[in-house]
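Report on one structure; see the data block that follows.
The values are calculated or read from the model by the stated rules, or taken from the named source; none is laboratory data. Note that this is a predicted model, so its numbers are computed, not measured. Heads up, the Cβs are rebuilt from the backbone with ideal geometry, glycines too, and the neighbour counts pull from every protein chain shown. Remember, those area values only see protein heavy atoms, side chains included, never the ligands or the DNA or RNA. Shrake-Rupley method; radii C 1.70, N 1.55, O 1.52, S 1.80 Å.
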Amino acid sequence: MTDTATAETAPRTDLFAKFDPIIQTRETLLASGVEDPYNLVMEKVLSPTRAICNGRDTILLGTYNYMGMTFDPDVLDAGKQALADFGSGTTGSRVLNGTYQGHKECEDALKEFYGMDHAMVFSTGYQANLGIIATIAGKGDYVVLDIDSHASIYDGCAMGKAEIVPFKHNDIEALEKRLKRIPEGAGILVVLEGVYSMLGDVAPLKEMVAICKKYGAMVLVDEAHSMGFIGENGRGVAEEQGIMDDVDFIIGTFSKSVGTVGGFCVSNHPKFDIMRLVCRPYVFTASLPPSVVATAATSIRKLMHGSNKRAHLWENSRTLHKGLLDLGFDLGTPEPQSAIIAVIMPDLQQGAMMWEALLREGLYVNLARPPATPANMTLLRCSLCAEHSEEEVQTILQMFERAGKAVGII
Ligand SMILES: Cc1ncc(COP(=O)(O)O)c(C=O)c1O
């Protein structure tokens, strides 16, 4: 026996005690007999819009595969070729042995896609926000951000130790009020999103960016949910609103329209390249596997010519939005603003019942709940794909009608 084993032990505080409320909520929900909405396994994925779940062919309406690139033959071929030519992984950081030809090609594709001077590829979009925000806004600087910002934006602020100044969601006046109060001469980064992922609503970027300029703030826009789809060339809401040249940094991800995994930042800032040496979530992690950057680069290049797909996705979004409204569902936006259509549920219990009823119908959507959602809402988040056919959208509406009536929501 060792000395430590015999030593008297002090009572321990259970570090898991803080999770008791969330454990309790989960147990109450599952005790009601509904299936766990956060534990679904896709047994086989058949296409961008269909998978086998619980042994049944299911329409996918809860992925971020907006442009349906995950099974694109050119994308798959590029990935297979890179796997054969470069192996399964880089086993290193971008600044050491982890930059392959494919990473450079992927950054070139991004520069071309956005028409920007610099592009930097990260291992996830989460790390891109974490890294860029934490590195450029440090102690003594201010980050002014929409209160509904993604967790990776908040985490970037916490890591950088800048002063966080949130403002009311999409409220132009609230943004100006906050900017007005910041001491003159302080460094200010305003962080906005093109499309907010919970309600699928679009930011008034044009007006907001004009105000940022007035107060000498730099602007970062996260276009995670708009890349590929919104804007004439799919560059996002900044393109749609004609302000590409006024934005300092655009953050994006490969895990949505691009159809794989990874993140990036593009910028015209002349000193941007120094980020490669000072940005810790870029330096201190392994780079993306060669097959991933090859699929991403191929997908990005194809998205430049995706106007037919974009038009079809808008059509799907309009049809689903109108159909759900006509059925009597309460939606997150008065009109379709993106590929995300959020159906507001009365509460978590009924939301989970509706989610399960839809799954039994053969439809998968996302059940979103606080703290991820704004204003304590429970949402059934529907994300459309350019590969959903017109018939599939009609089938989806019929499923919503049957499930909604069975659960008593409509
Ligand atoms: C707005 C926003 N930014 C960043 C991310 C992170 O992206 P990734 O999945 O590549 O980490 C997400 C992911 O959901 C997001 O919604």
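Sticking with the crude label model, points 7 Å out along Cα→Cβ, report the distance from Thr333 to Ala17 in nm, one decimal please.
Here the answer is 4.5 nm between the modelled labels.
Sequence neighbours fewer than 8 away in the same chain don't count; with that in mind, list the aspartates and glutamates whose C-alpha is under 12 Å from Lys161.
Once the sequence-local aspartates and glutamates are set aside, what remains near Lys161 is Asp141.
Using amide H atoms built 1.01 Å from N in the peptide plane, name the residues 5+ places from Gly98, or on other chains, whose amide H lies under 5 Å from its own.
The list, which skips near neighbours in sequence, is Ser93.
Tell me, what is the 1.4 Å probe accessible area of Asp72, in Å² to the nearest 10?
Around 20 Å² of this residue is reachable by solvent.
Rounded to the nearest 5, what is the percent of antiparallel bridges among the DSSP beta bridges in the chain?
Details: 30 of 50 bridges.
For the chain, the DSSP antiparallel bridge percentage is about 60.
List the longest stretch of the chain that has no exposed loop site; here a site is one of the chymotrypsin sites (Phe, Trp or Tyr not before Pro) assigned by DSSP to anything other than H, G, I, E or B, with at most 15 other Cβ within 10 Å. Provide the component values of the computation, followed by the final result.
Working: sites that count: Phe16, Tyr38, Phe284.
Maximal segment without exposed cleavage sites: 39-283.
Can you give the charge dipole size of the stretch 28-138 about its Cα centre, rounded to the nearest 20 debye, using +1 on the beta carbon of Lys and Arg and -1 on the beta carbon of Asp and Glu?
Dipole size: approximately 220 debye.
On a full-extension model of 0.36 nm per residue, what is the gain between Asp245 and Arg360, subtracting their alpha-carbon distance, rounded to one decimal in nm?
36.6 nm
Defining a contact as two alpha carbons under 8 Å apart and six or more residues distant in sequence, what relative contact order in percent does the chain show?
Numbers: 813 pairs, mean separation 90.2, N = 410.
The value is 22 percent.
Just flag the trypsin sites (Lys or Arg not before Pro) in the stretch 263-310 sitting in loop per DSSP whose Cβ has no more than 13 other Cβ atoms within 10 Å.
Numbers: sites: Lys271, Arg276, Arg301, Lys302, Lys309, Arg310; in loops: Lys271.
Of the trypsin sites (Lys or Arg not before Pro), the ones in loops of the stretch 263-310 whose Cβ has at most 13 other Cβ atoms within 10 Å are Lys271.
Full-extension gain between Arg181 and Lys405, please, as 0.36 nm times their residue separation minus the C-alpha to C-alpha distance. Don't jump to the answer; show the numbers that get you there.
Values: separation 224, 0.36 × 224 = 80.64 nm, distance 5.05 nm.
Length gained between Arg181 and Lys405: 75.6 nm.
Which far-off residues, 5 or more places away or on another chain, put their amide H under 5 Å from the one on Asp146, with H placed in the peptide plane?
Under 5 Å from the amide H of Asp146: Phe167, Val191.
Tell me, what HN-Hα J-couplings in whole Hz come from the Karplus equation 6.51 cos²θ - 1.76 cosθ + 1.60 at θ = phi - 60° for each residue of the stretch 164-176, using x for Gly and Pro?
9, 10, x, 10, 4, 3, 6, 9, 5, 5, 5, 4, 5
Taking amide hydrogens as modeled 1.01 Å from N in the peptide plane, which residues meet the under 5 Å criterion relative to Leu46, leaving out close sequence neighbours?
Long-range HN contacts for Leu46: Ala51, Ile52.
Using the beta-carbon distance between Arg276 and Ala375 and R0 = 56 Å, what value does 1/(1 + (r/R0)^6) give for FRET efficiency, to the nearest 0.05?
Working: r = 40 Å, r/R0 = 0.71.
That gives a FRET efficiency of 0.90.
How much accessible area does Glu107 have with a 1.4 Å probe, in Å² rounded to the nearest 10?
Glu107 has an accessible surface of roughly 0 Å² with all protein chains in place.
Checking the table Lys214/Lys271; Lys104/Lys271; Lys80/Lys256; Lys213/Lys309; Lys44/Lys309 against a 28 Å threshold on Cα-Cα, which pairs fail?
In this structure, Lys213/Lys309 exceed 28 Å between Cα atoms.
Under a 1.4 Å probe, what is the accessible area of the chain per residue, stated in Å²? List each step's numbers first, then the result.
Working: 18640 Å² over 410 residues.
Here the residues of the chain average 45 Å² of exposed surface.
Once the whole set of protein chains is in place, how much accessible area is left on Glu43, using a 1.4 Å probe, in Å² to the nearest 10?
The value for Glu43 is about 100 Å².
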